[in-house]
1. Mind counting the residues in the stretch 241-268 that are surrounded by fewer than 16 Cβ atoms within 10 Å (Cβ to Cβ), of a type in the set (Val, Ile, Thr) and under 19 Å from Val413 (Cβ atoms)?
2. Could you tell me whether Glu492 is over 18 Å from the mean Cα position of the chain (by Cα), at pLDDT below 80, open to solvent by 30 Å² or more (accessible area, probe 1.4 Å) and over 28 Å from Asp279 (Cα atoms)?
3. Quick one: which of Arg344, Arg271 is open to solvent by 20 Å² or more (accessible area, probe 1.4 Å) and either farther than 17 Å from Thr365 by Cα or out of contact with any Ser or Thr (no Cβ under 7 Å at 6 or more places or on another chain) (or both)?
4. Out of the residues in the stretch 499-525 that are buried (at least 17 other Cβ atoms within 10 Å of the Cβ) and assigned to a helix (DSSP H, G or I), state the one that is modelled with the highest pLDDT.
5. Are any residues in the stretch 109-126 in contact with a strand residue (DSSP E or B) (Cβ under 6 Å, 6 or more places away or on another chain) and among the charged types (D, E, K, R), and if so, which ones?
6. Working only within the stretch 592-623, note down all residues that are open to solvent by less than 30 Å² (accessible area, probe 1.4 Å) and in a helix (DSSP H, G or I).
7. Which one of the conditions (1) at pLDDT below 90; (2) hydroxyl-bearing (Ser, Thr, Tyr); (3) more than 27 Å from Pro466 (Cα to Cα) does Ser297 fail to meet, given that it meets all the rest?
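The values are calculated or read from the model by the stated rules, or taken from the named source; none is laboratory data. Being a predicted model, the structure only gives us computed values, none of them experimental. Don't worry about glycine lacking a Cβ; one is built from the backbone with ideal geometry, like all the others, and counts go over all protein chains shown. Ligands, DNA and RNA are excluded from the accessible area calculation, which covers all protein heavy atoms including side chains. Shrake-Rupley method; radii C 1.70, N 1.55, O 1.52, S 1.80 Å.
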Amino acid sequence: MSRLSLDAPISELGGWARRFEGPLRSLGVETVGDLLHHYPRRYIDRSAVAKLGDVRIRQEATVIGTVHGVNRQFTRQRPPRAMVTVRLFDGTGYLDLFWFNQSWPYRRFKKGQEVAASGKVTAFGGRPRITNPAVEVLKGGDADQVHTGRIVPVHPAAEGVSTGTIRRLVHDALRRTGRLPDPLPEEIRRRQGLLPPDRAMRDIHFPEEGEDIRRARDRLKFDELFFLELGVAFRKHRVEAETEGIAHDLTGDLAERFVKSLPFEPTAAQRRAMEEIADDMARPRPMNRLLQGDVGSGKTVVALAAAMVAIQSGHQAAIMAPTEVLAGQHLRKVAELLGPMGARRAGAEPVDEAQVGLFGADGPTYALLTAAVTGKEREAVVEGVRSGAIDLVVGTHALVQEHLSFADLSLAVIDEQHRFGLHQRVALKEKGASPDVLIMTATPIPRTLALTYYGDLDVSVLDELPAGRQPVETRVARTSLERRGAYELVREQVGQGRQAFVVTAAIDESNRLEVRAAEKEAERLATEVFPDLRILLLHGRMRPRDKDARMEAFRSGEADVLIATTVIEVGVDVPNAAVMLVENAERFGLAQLHQLRGRIGRGAHRSYCVLFDASEPGNEDARARLEAMVGTTDGFQLADEDLRLRGEGTLFDIRQSGMPDLRLARLAYDTELVRRARKEAFDLIDGDPDLSAHPDLRAEMERRFADSIDWLFHS
């Protein structure tokens, strides 16, 4: 029998396999290698064989016996339907196997054959019977048993191909592929106590005992994590070694003046992050750093300190935000924190380079560039960025438009980076000559994600909140009585001079139906619930100027309640807001709920978040998410819980990232395995950066990163 390569199409398993090529393709299985990596989702233990005389009614059983007789009868209905009974005998008793409306058993089974069968035992006519059993004719003993008499794998199936068919295909594939090559260096395999790959592959599909499954999964999960980390380490080392960056000057006084001018004392975490970033920027290689911190932990302050390092060195800095609301929030923070240093905003009037730019007489110059900035003001900003008269520009994706050019961009700050596409992030970097990149997120990233999918970045963590931040009390409302209580809470807080958010339309900001739902909810609250309160509506389909105007009106206290879609998820800072009501909270992930909750508790007043749960009583996932929100305000704990509940594939668009899939490994549960794989991968790259001494390893890495090969080789 000819050997098959892992790249061979399924059809090469034989003519009978060709019938299933279409259904298998829907499962992502096209080659023999794909088939072997189509792992079982569970197992049925049919290894304990019962004697026919010992079987018990209503129990699952696996039996082996000799065919004593085969009988076929037909029903009287038209058309007639076949009823086939195969009687087994093993010396201790008899048992019938029964099929209704199926003729193939009559043709397949012959008197004298040895047969293994599994299923639930019932009784008919006083004799034990198994209806529609999993059954096999044993040929030459039990060496070829696939469906019975063993621990049986249950693979994910699809319409047109059953789990039994897949089991047989996998069994044939394992026989035809022979010894599998092992790209993992032998010393790593031995050090980690891992099985050879062919043994692991056999045991994951057809284990002899439960321990075989555990050891096989350990090997295959290690492979997934190791090659993911190998790609991350390969890219990180290559970017650091091959790309020449800008060594910023730390001797200037602008960054120090900025910190001293702050109206508050930075937290220890902020100071630590500032030092880590400054050290990176002083090196002659591009910085690639992730700054993650909980909602309200002060990331913007850290980013502005980095911008001052760039500007005092004679360069420019840019901050790119995913929404105009967030960009506007950053601009207000820039004006508030840089104002005491003599900074000025470049506006509609042309910028005089003799007076400003590169922190001239009036200090650093900053500007805003979004779709809302138009006309002469836009022309002035574009020209100021091009000439170098503007030191710091804050904006949205408008910053990466082709017509915008920078005089000397050396720092690119990307906020809430998972909301941008890869091409937008790359486009901003290409506006300068290998600028330093600081990626910020207020969505805490689970520790294992930071070690894998973000593992090519150095990480700074803001793990403490500034003084004065108030705790937020979180409740879940499921009944009409609890809903009325939430409305009374809003009325009570407004009576004390506070303000409230109501978030609706939880699924898709661009969906017109949801915008109409928000408008309808605003009308209901204004007329039926809070007719005496001042209410504003905000959603993402509004024109930029209208959004800014309404947000500013709410911020200045002209309205008591802001009804909004998730456009307010990030970047909204209204210290007087003390209540957040979230409609249909069961539709949100934990990270998004945590972001929304972060819009309150920003002032000196105690704040309250009420999550309306409209899920069905049996929706345990939704209940678990909402209870987690009630249980903690720690974003990092919630991030780990979100990973456990939803899996890595749904977080941060990881499945769209082009990174290798994790079929067996689960980051929420395999933390220790992640750390072991990461250490081995990074140690190997330290000694062999381009994998020239490990060509098979490099080939396997490139194969697994086929969908993101540009990411692997280009910064």
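1. Of the residues in the stretch 241-268, 1 are surrounded by fewer than 16 Cβ atoms within 10 Å (Cβ to Cβ), of a type in the set (Val, Ile, Thr) and under 19 Å from Val413 (Cβ atoms).
2. Working: over 18 Å from the mean Cα position of the chain (by Cα): yes; at pLDDT below 80: no; open to solvent by 30 Å² or more (accessible area, probe 1.4 Å): yes; over 28 Å from Asp279 (Cα atoms): yes.
Taking the combined requirement at face value, the residue does not satisfy it.
3. Result: Arg271 is the single residue among Arg344, Arg271 that is open to solvent by 20 Å² or more (accessible area, probe 1.4 Å) and either farther than 17 Å from Thr365 by Cα or out of contact with any Ser or Thr (no Cβ under 7 Å at 6 or more places or on another chain) (or both).
4. Leu525
5. Lys111, Glu114, Lys120
6. Leu593, His594, Gln595, Leu596, Arg597, Ala622
7. Ser297 satisfies all of (1) at pLDDT below 90; (2) hydroxyl-bearing (Ser, Thr, Tyr); (3) more than 27 Å from Pro466 (Cα to Cα) except (3).
Table: residues versus (1) acidic (Asp, Glu); (2) farther than 17 Å from His147 by Cβ.
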position	(1), (2)
Gly33	no, yes
Tyr39	no, yes
Ser47	no, no
Asp54	yes, yes
